[in-house]
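Shown next, in structure tokens, is the structure this report addresses.
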Amino acid sequence: MGLEHASESTLFHDPRMRGFRTRQALEDVLSWIDLGVGRLGAEFVAIGEAHGRVLVGSIEAEAAFPAFARSAMDGYAVRGEETFGADAYTPALLRVIGESRPGRPFPGAVGPGEAVLIMTGAPLPSGADAVVKVESTRQVEGTRQVEVFEATPPARNVGAIGEDVAVGSLVFEAGRVLRPQDVGLLSALGRGEVAVVRRPRVAILITGDELLPPGSKPTGCLIPDMNSVMLAALVARDGGLPTVHGPLADDRRVVREAMTSAVQQADVVLVSGGSSTGPDDHAPSLVVELGELVAHGLALRPASPAGLGRVAGTIVVLLPGNPVSCLCAYDFLAGRVIRRLGGRSPNWPYRSIARPLAVKLVSALGRTDYARVKVNRGRVEPIAISGASILSGATRADGFVVIPPDLEGYPAGASVTVWLYDEVGDAPPSLIPAT
């Protein structure tokens with residue numbers, strides 16, 4: 001069943017103090033995202049700010065790089081044919097007429113019987129066609145002559161024009177996420193700025209009467225907000241520009257004003273908390289009031305109260321307030337939206353490994369499960385499937401396993417895919433696949 005008519009406000013079932021009548025299939029919600037969320041427009045950024053950005057269009061080389069023949073060695077620029085037959089017993093004797101250094105080329109030409117001292121990267125002088133490495137030479141003391149002990153044919157130890165990048169060649173295709181070496185090459189090709197996809201502006205609304213600002217000391221029944229710092233980090237990882245609002249009171253007027261303001265300034269609004277079935281869970285009905293609610297109440301554990309909609313053309317993602325549920329809903333919904341807007345692959349940025357289960361992993365038919373797991377001695381062990389408020393379970397986990405809705409789980413010994421939370425350089429060595 002799709003979501004074609006799920007946004008009609010007349011069909012909205014307010015679940016507050018009633019519960020969800022049905023749970024919508026995660027597959028349908030993901031399909032709506034993939035069909036309805038497109039890439040944002042372009043902007044030009046300086047090359048020094050282009051790392052990690054997504055190219056809008058393909059880039060072709062307007063000039064060759066290098067634009068001149070250059071030495072690949074420290075040594076002497078020579079006419080290669082004049083070294084033929086040279087060895088330790090019968091060296092070729094050449095007269096040194098000058099030197100060529102990077103940025104300071106030799107101004108003359110190399111004629112018969114002549115050589116030019118040259119450094120790595122320096123322009124090859126006119127008349128020369130090879131470079132003899134310095135280890136194969138010896139200066140004749142008290143003279144401006146050099147003995148060459150190795151035959152060095154033309155083109156040896158010389159970087160040709162366009163050897164790195166030929167003029168007119170395709171350098172990068174559209175959609176590439178620029179790496180450090182990529183921006184280095186663009187700079188070498190004379191690109192002072194580059195057209196990239198605009199980064200999605202993401203407003204993060206944190207709601208909850210029980211919340212203190214992040215990093216505060218817990219006081220009585222008040223707890224520090226955890227979700228804002230977690231979500232801001234996830235948004236930045238996925239290429240977005242996060243702005244946090246809150247913590248906001250569980251007051252309908254307060255949340256309405258914040259949502260109304262946020263949708264006017266952001267490309268995506270994430271609402272953390274207020275999405276479930278309690279009397280103060282106002283976010284879903286506010287999305288209905290202000291726009292369209294596409295989905296609410298998913299067949300997903302532990303993030304079933306998650307939702308998705310649009311207000312004034314801006315996508316609004318409803319994330320449960322419980323931290324693990326919030327993380328799960330971000331991974332499945334919000335992250336996919338942000339990456340699509342930013343021109344990135346919608347797929348998870350996590351690496352995956354396949355390992356056998358140490359014990360069985362149980363789910364229920366018709367529901368997608370997001371199970372946090374640890375890899376211990378090459379086998380996968382569940383941390384916990386329940387406990388959506390226990391964020392430390394996710395911090396202890398190496399990653400998560402997704403159990404699809406058509407399975408009741410996996411038996412012990414089954415090979416499962418583990419999506420790793422850690423970056424490659426931070427992962428324990430036991431988790432990094434052999435290459």
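The values are calculated or read from the model by the stated rules, or taken from the named source; none is laboratory data. Please read all numbers here as calculations on a predicted model, not as lab measurements. Neighbour counts run over all protein chains shown; Cβ positions are idealised from the backbone, glycine included. With ligands, DNA and RNA removed, areas are computed over all heavy atoms of the protein, side chains included. Shrake-Rupley method; radii C 1.70, N 1.55, O 1.52, S 1.80 Å.
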Name the residues in region 147-189 that are open to solvent by 60 Å² or more (accessible area, probe 1.4 Å) and within 10 Å of Ile59 (Cβ to Cβ), would you?
Leu170, Glu173, Arg176
Filter region 203-221 down to residues that are out of contact with any Pro (no Cβ under 7 Å at 6 or more places or on another chain), open to solvent by less than 60 Å² (accessible area, probe 1.4 Å) and more than 15 Å from Cys326 (Cβ to Cβ), then give me how many there are.
1
Take the residues of region 271-289 that are of a type in the set (Gly, Ala, Ser) and assigned to a loop (DSSP other than H, G, I, E, B): which is nearest to Ile206 (Cα to Cα)?
Gly273
Qualifying residue in region 20-37 (condition: over 25 Å from Gly366 (Cα atoms) and either surrounded by 13 or more Cβ atoms within 10 Å (Cβ to Cβ) or at pLDDT 95 or above (or both)):
yes
What is the number of the single condition among (1) open to solvent by less than 50 Å² (accessible area, probe 1.4 Å); (2) at pLDDT 95 or above that His245 does not meet?
(1)
Taking region 181-233 and keeping only residues that are over 30 Å from Ala166 (Cα atoms), out of contact with any helix residue (DSSP H, G or I) (no Cβ under 8 Å at 6 or more places or on another chain) and part of a strand (DSSP E or B), one is left with Leu211, Leu212, Thr219, Leu222, Ile223, Pro224
Assuming Asp74 fulfils every condition listed in (1) open to solvent by less than 40 Å² (accessible area, probe 1.4 Å); (2) of a type outside the set (A, V, I, L, M); (3) under 15 Å from Val158 (Cα atoms); (4) in contact with a helix residue (DSSP H, G or I) (Cβ under 8 Å, 6 or more places away or on another chain) apart from one, which condition is it?
(1)
So for region 72-84 (the condition being modelled with pLDDT of 95 or more, closer than 21 Å to Gln181 by Cα and either acidic (Asp, Glu) or assigned to a loop (DSSP other than H, G, I, E, B) (or both)), does at least one residue qualify?
yes
Could you check region 410-429 and list, in sequence order, the residues that are modelled with pLDDT under 95 and either within 19 Å of the chain's Cα centre (by Cα) or surrounded by 12 or more Cβ atoms within 10 Å (Cβ to Cβ) (or both)?
Tyr421, Asp422, Glu423, Val424, Gly425, Asp426, Ala427
For region 328-353, the count of residues that are of a type in the set (Phe, Trp, Tyr) and open to solvent by 20 Å² or more (accessible area, probe 1.4 Å) equals 2
Answer yes if at least one residue in region 131-141 is open to solvent by 40 Å² or more (accessible area, probe 1.4 Å), among the hydroxyl-bearing types (Ser, Thr, Tyr) and either in contact (Cβ under 8 Å) with a residue 24 or more places away in the chain or within 30 Å of Gly113 (Cα to Cα) (or both), and no otherwise.
no
For Ser126, are the conditions met, namely being open to solvent by 40 Å² or more (accessible area, probe 1.4 Å) and polar (S, T, N, Q)?
yes
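Tally the residues that are modelled with pLDDT under 95 and open to solvent by 20 Å² or more (accessible area, probe 1.4 Å), restricting the search to region 259-277. It would help to see each step written out before you state the result.
Of region 259-277, the ones modelled with pLDDT under 95 are 273-277.
Subsequent filtering for residues that are open to solvent by 20 Å² or more (accessible area, probe 1.4 Å) retains 276-277.
Final tally of qualifying residues: 2.
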Consider Ser325 against the criteria (1) open to solvent by 20 Å² or more (accessible area, probe 1.4 Å); (2) in contact (Cβ under 8 Å) with a residue 12 or more places away in the chain: it satisfies all of them except one. Which criterion is unmet?
(1)
Which pairs have Cβ atoms under 7 Å, sit 6 or more apart or on different chains, and link a residue in region 329-352 that is farther than 20 Å from Glu173 by Cα to one that is hydroxyl-bearing (Ser, Thr, Tyr) and not in a loop (DSSP other than H, G, I, E, B)?
Ser352/Thr417
